[in-house]
Structures are given as C-alpha cells and as structure tokens.
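First the structure, in the form of structure tokens, and then the observations on it.
The values are calculated or read from the model by the stated rules, or taken from the named source; none is laboratory data. Please read these numbers as outputs of a predicted model, since none were measured by experiment. We place every Cβ from the backbone using ideal geometry, glycine too, and count neighbours over all the protein chains shown. The protein model used for the area step is the full one, side chains on, heavy atoms only, and it has no ligands, DNA or RNA in it. Shrake-Rupley method; radii C 1.70, N 1.55, O 1.52, S 1.80 Å.
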Amino acid sequence: MSHIVTVQDAVTAFADFMEPTDAELDAIEQEMPAILAAVELLDAQIVTLDRTPSELDVQRVRRARRRLLTARRQVANRTTAASLPGGAA
C-alpha cells in the first residue's frame, strides 16, 4: 500500500499574508451590529422549525427582522457617508 502525501507544506495555510488586515478588521467591526442582528433572526427562526409558531414566536421573528433591517440600513448609511467627499451625506 502506498501512502498519498501532499507536496505543499502544511504551514502555508497559516502564512502572514492570509491574516486579515486592519482595514478588514475595522470593516467587520463596523458591520458587527448587522451580524449580531442576523444571528438573532436566525435564532428566532430556528426556534420555530420544529413546531407551529405561537404568537410570541411570530412577534420575536418580526422584531428580529426589523432589527436586522435597521442595522443594515445604519451600516449602509455609514458606508455611504464615509465614501462621500467632505463627509456630506
């Protein structure tokens, strides 16, 4: 039996150039409210998968959806305001 081995070193997966840059980390930080709101919506939807949603479940999903839309709007507005010259929106 012959063994199959890789030719490339395993350490290349952890090369320095593969780390996120400061700009990428800042972008993630800017989008964190939208990410957390999306997780909250998923949690609300997962609860309703294996049963008929109660009125409370429906309200929770609706509230989570509104929070996600609000967070996305705020991220989009921040992005738009940051990209305009002079900071004018």
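Restricting the first member to segment 48-72 and to residues that are without any contact (Cβ under 8 Å) to a residue 12 or more places away in the chain and farther than 30 Å from Glu29 by Cα, and the second to residues that are open to solvent by less than 90 Å² (accessible area, probe 1.4 Å) and in a helix (DSSP H, G or I), the beta-carbon pairs closer than 9 Å and six or more apart or on different chains are Arg51/Asp57; Pro53/Val47; Pro53/Val61. Taking segment 36-47 as the range and being within 11 Å of Ala71 (Cβ to Cβ), among the hydrophobic types (A, V, I, L, M, F, W, C) and surrounded by 15 or more Cβ atoms within 10 Å (Cβ to Cβ) as the test, the residues that pass are Ala37, Ala38, Leu41. Just one of the listed residues (Asp50, Asp26) is assigned to a loop (DSSP other than H, G, I, E, B) and open to solvent by 80 Å² or more (accessible area, probe 1.4 Å), namely Asp50.
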